[in-house]
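Worksheet: the structure to be examined is printed underneath.
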Amino acid sequence: MKKTLPIIFVVLMFYGCGNRFKGQAKINLQPPIIAPFKGIDTISTNDWWNRKPNEIIDVKVNREDVIAFGLYTVHNNILKLTAQLFPLYPNETREVRLEIQKNGKWLEIQKVKVNDFGWSALFRIEGWDDSKDIPYRILHGEQATFRGLIRKNPKHKKEIVLAALSCNSNKDRGNRNHYVNNINHQNPDLVFFAGDQSYDHSEHTAAWLKFGIQFREVFRNRPCITIPDDHDIGQGNLWGESGKKALTNAGNGGGYYYHHEYVKMVERCQTGHLPDPFDPTPIKQGIGVYYTNLQLGGLDFAIIEDRKFKSGPKGKIPQIGPRPDHILDPNYDPASIDLEGLELLGDRQLHFLNEWGEQNKDKIKVVLSQTGFCGGAHIHGSKENRLHADMDSNGWPQTGRNQALRVIKKANAIHIAGDQHLATVIQHGIDDFEDGPWAFVVPAIVNDFYSRWWWPEDEKAGENSNGALPWTGRYLDGFNNKITMHAYVNPDNPSNGAGYGLIRFKKKNKEVTFECWPRDIDVSNGKAKQFKGFPIKIKLDK
C-alpha cells in the first residue's frame, strides 16, 4: 500500500481539476499516435509534453483552457464549425461536444473526435436554422468550454460588410488588440483571413494556436473564412503544381516541400469549417482541395486557391534573373515566359468559376483568394531591391492570369486578396485598360518585415490618374499586364502600412466601398483617418 500512494498522488496532481503541468520533469507517457513526419510540428506532436519552452506559445495550458477557439460558416443551411484544441495528453478523451442554447437550456447536438495531428475537430450540422442568432458552446471533458454565437443570415440588411486581413508575421508575436477592438467596433458580417496566418514554417499547430488566441474575439461571434498561403504550409513561395513533391523548400520547381500529411493537417485546421468543396477530388499525394462558395447576406463569395495548381517557373521558362522567379531586366521579352502548358488556377477552378458565375446573377459576387492578379509592387524587402517582375504574383503566367480575370469579370465580381504586404486598389485590364474586374489587395497585419513599395522607376503618374496619390493611373506591370492603379499604401504611411481592409457592399445599387485602416488607430474616435487615397467607391454592372 505504501508503494502505491506516491503513484496515486502523482496521478491526482496531474489529472486533477484545473491543475497545470509545468514541464519541469519528463513524464513517462506514451503518445497514442506517432506523427508520420519528423522534425516538424514538434511542439504539438508525439510526446509534446516533454518539449522545452518555445518562443511561439505555451501549449501546456490549464485543462479548462484546452479549447483554444472555434471557427464557423453557415451555407445552404449547413453549419460547419471547427473546434481548435491545444494538445491533449494520452489519457484525455478525444471527444468534443457541441451544444446550442434553446429555450434557455443547453442542448447537445453532436459529438466528434479530435484529430491528434493538428488537434482540430469538425462539426457538420445539416438543416441549420439561419433565421435566428443561436448561442453555442464547445465542450471537452468536465471543464473546458468555448462559447460564441452563430449569427443569423443577414440577408435583410441593406449593406453587408466584410473585414479582410493577411500576413500575420512572427516578427511581432504580441497581441492584436487594435485589430480586435476596431473590427468589433465596425461589426462586419464576415471576416476573411487571406493567408499567412502562420510564419513559423515547420510549427504550424503552435503558430495557428497563437493566431487563434490573438484573433478569436473577432470570430467567436461571427462567421470567418481562413485560407492558407505559402508560409502556412512551410514555404516562402508556393507553386503547387497539383500536389507534386517539391525538391527544395524554395519550391520554384513546383510542388509541396513538407510531408503531405503536414500539408493536409494545415488545410484541415484552416479550411475544414468552409462550405463543402465544389469538387473534392484530391490532387497528387492525396492532398485535398477546398475551393468553394459561400452565400451570405445576399452576396455570393467564391473562395479559390491561387497556388495549388500553379506551375513553378524553374526548368519551364528561361531564367532571366538571379532566381528562377525574379526578373530584373526591364528589356526582357514578356512573351518569352508566357509559354503553352503553364497553369495558374487550373482547369478545375476555371470550370468552378464559370459555373459559379452563371448562378445567382442577381447577387453581388466576390472572389476571395491569396494574392493579386498582377505585379503590383516595384520594390521588395528594401528600397535597394527593385524587381521588374515577380512570378510569385498571379501576374504570371499571363495567359492564365487573363483566363482568370475573364471569368471573374464575366461573373461581374470583384476580387479581394492579401499576400503582398502592400495594399492596392487596381482595376485590371485584359485586352484594354479597365476592361477587367476591380481588385483590393489588403495590407499586412504586421508590415515590419519584407515590406513592399509601389514606386514606378520614372516616378510619373500614369494616364487617367485620379490625382489622389502621386503614382496612380494606367501602367503596364513587369509582365506587360494592363493595370490602372487607384490607391496604394507604401510603408512610409502610418503603422508602416500595416492594417486591414473593410469592404462595404450596398446591395440595392451594387455599390462597393473599399476602406483601408491603419493598425494603430482607434476607429471609435470620430477623427480616425484611413490611409491616404481611401475610401474608394465603385459601382458594379447591374
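Place a +1 charge on the Cβ of each Lys and Arg in the chain and a -1 charge on the Cβ of each Asp and Glu, then give the dipole magnitude about the Cα centre in debye, rounded to the nearest 20.
Working: 70 positive and 64 negative charges, 411 e Å.
Roughly 1980 debye for the chain.
Work from the charge dipole of the stretch 307-381 (Cβ charges, +1 for Lys and Arg, -1 for Asp and Glu, about the Cα centre) and give the residue of S369, L345, I379 farthest towards its positive end.
Checking the options against the dipole of the stretch 307-381, the answer is S369.
For L422, list long-range residues whose amide hydrogen, built 1.01 Å from N in the peptide plane, is under 5 Å from its own amide hydrogen.
Close amide H contacts, sequence-distant or interchain: A444.
What are the residues whose amide H is under 5 Å from the amide H of V367, where those residues sit 5 or more places off or on another chain and H is modelled from the backbone?
HN-HN under 5 Å from V367: A302, I414, H415, I416.
For the stretch 106-200, report the accessible area per residue in Å² (1.4 Å probe, heavy atoms, rounded to an integer). Intermediate values should be presented prior to the final figure.
Numbers: 4000 Å² over 95 residues.
Per residue, the stretch 106-200 has an accessible area of 42 Å².
Accessible surface of Y290 in the full protein assembly, 1.4 angstrom probe, to the nearest 10 Å²?
Solvent-accessible area, nearest 10 Å²: 10 Å².
Expressed in nm to one decimal, what extension gain is obtained for the pair N412 and S336 from 0.36 nm per residue of sequence separation less their Cα-Cα distance? If you can, show how the numbers build up before the last one.
Values: separation 76, 0.36 × 76 = 27.36 nm, distance 3.14 nm.
Going from the current span to full extension adds 24.2 nm.
Please list K155, K80, K210 in order of solvent-accessible area, largest first, computed with a 1.4 Å probe with all protein chains present. It would help to have the intermediate numbers written out before the result.
On the way: K155 105, K80 15, K210 55 Å².
Descending accessible area places them as K155, K210, K80.
Could you order I109, I416 so the one with the most accessible surface comes first? Probe is 1.4 Å. Intermediate values should be presented prior to the final figure.
Numbers: I109 55, I416 0 Å².
The ranking, largest first, comes out as I109, I416.
With only alpha-carbon atoms counted, please give the Rg and Dmax of the stretch 329-383, in Å.
Expressed in Å, the Cα Rg and Dmax of the stretch 329-383 come to 16.5, 46.
Could you tell me the calculated FRET efficiency between N525 and K158, based on Cβ-Cβ distance and R0 = 25 angstrom, to the nearest 0.05? Each step should come with its number before you reach the end.
Details: r = 26 Å, r/R0 = 1.04.
Efficiency for this residue pair is about 0.45.
Please report, as a whole percent, how much of the solvent-accessible surface of the stretch 266-397 comes from carbon and sulfur atoms (probe radius 1.4 Å).
Details: 2220 of 4630 Å².
Looking at the stretch 266-397 in its full context, I get 48 percent from C and S.
What's the extension gain from N509 to S202 if we count 0.36 nm per residue and subtract their Cα-Cα distance?
Values: separation 307, 0.36 × 307 = 110.52 nm, distance 4.67 nm.
Extending this stretch completely gives an extra 105.9 nm.
Amide H to amide H, which residues 5 or more places from A377 or on other chains are under 5 Å from it, using H placed in the peptide plane?
none
Mind giving me the nanometre distance, one decimal, between the label points for N187 and I33, set 7 Å out from Cα along Cα→Cβ?
4.1
Suppose a student asked you for the relative contact order of the stretch 115-180, using Cα pairs under 8 Å spaced at least 6 residues apart; what percent would you report?
Details: 35 pairs, mean separation 14.2, N = 66.
Result for the stretch 115-180 is 21 percent.
How much length is gained if the chain between E55 and Y450 is pulled fully straight, taking 0.36 nm per residue apart and subtracting their Cα-Cα distance, in nm to one decimal?
Numbers: separation 395, 0.36 × 395 = 142.20 nm, distance 2.08 nm.
That works out to 140.1 nm of additional length.
Take the Cα atoms of the chain, find their three principal axes, and give me the spread along each one in whole Å, biggest first.
The Cα atoms of the chain stretch 88, 52, 45 Å along their principal axes.
Let me have the relative contact order for the chain, percent, based on Cα pairs under 8 Å that are six or more residues apart.
Values: 1319 pairs, mean separation 62.1, N = 542.
So the answer I get is 11 percent.
The values are calculated or read from the model by the stated rules, or taken from the named source; none is laboratory data. All values derive from a computational prediction rather than experimental measurement. Note that each Cβ is placed from the backbone with ideal geometry, even for glycine, and that neighbours are counted across all protein chains shown. Just so you know, the surface numbers come from the protein's heavy atoms only, side chains and all, with ligands and any DNA or RNA stripped out. Shrake-Rupley method; radii C 1.70, N 1.55, O 1.52, S 1.80 Å.
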